[in-house]
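Following: one structure in structure tokens, then a few remarks.
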Amino acid sequence: MDMTPQTAWLLAISAVVIVGVIAFFVGRSSAGTKGRIDELEAELARKGEEAERYRKEVDAHFDKTATLFVSMAGSYKELFEHLSAGYDKLSGASARERFQERVDALLPRRVVEPATAGALLAGAATAAAAA
């Protein structure tokens with residue numbers, strides 16, 4: 001079967017029209033996909049903003065926790081210094097011996113030996129005085 005130039009042109013034009021119709025329908029069906037893409041991009045942007053807000057809240061929480069912890073540590077240090085100064089000033093030798101006995105009775109021997117407890121108290125008092 002020989003093809004004439006008119007037949008070749010007719011086939012070419014028919015192919016272009018068929019491809020155009022197919023492209024039109026494919027384009028229309030993907031238009032809904034474009035809307036879904038826009039919707040998902042907006043949701044992604046909202047989630048990103050939400051995550052950033054959460055990170056800022058976490059940072060603020062830990063900053064506040066650190067500030068409160070430093071304040072608490074300072075208060076404990078001041079209390080210890082006050083008690084140590086009062087103990088040194090107000091107690092006599094017998095009171096110190098009674099205190100050592102109480103420490104020995106309260107702390108299990110396997111954790112802190114009596115001789116070590118006295119050294120710990122003396123070291124803590126020295127550290128508090130140095131600070």
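Given 0.36 nm per residue, what is the gain on full extension from E49 to L68 after removing their alpha carbon distance, in nm?
4.0 nm
With a Förster radius of 22 Å applied to the C-beta separation of L106 and L83, the computed FRET efficiency comes to 0.85. A straight Cα-to-Cα reach below 28 Å connects K34 with the lysines K47, residues fewer than 8 places away in its own chain not being considered.
Set Lys and Arg Cβ to +1 and Asp and Glu Cβ to -1, take the dipole of region 11-107 about its Cα centre, and tell me which of F62, L40, Y76 lies farthest positive. Farthest towards the positive end: L40. By the rule of a C-alpha distance below 26 Å, with chain neighbours fewer than 8 residues away ignored, the lysines paired with K77 are K64, K89.
We did not get these values from a lab; they are worked out from the coordinates using the rules stated. Because the structure is a prediction, the values reported are computed rather than measured. Glycine gets a Cβ as well: all are built from the backbone with ideal geometry, and neighbour counts include every protein chain shown.
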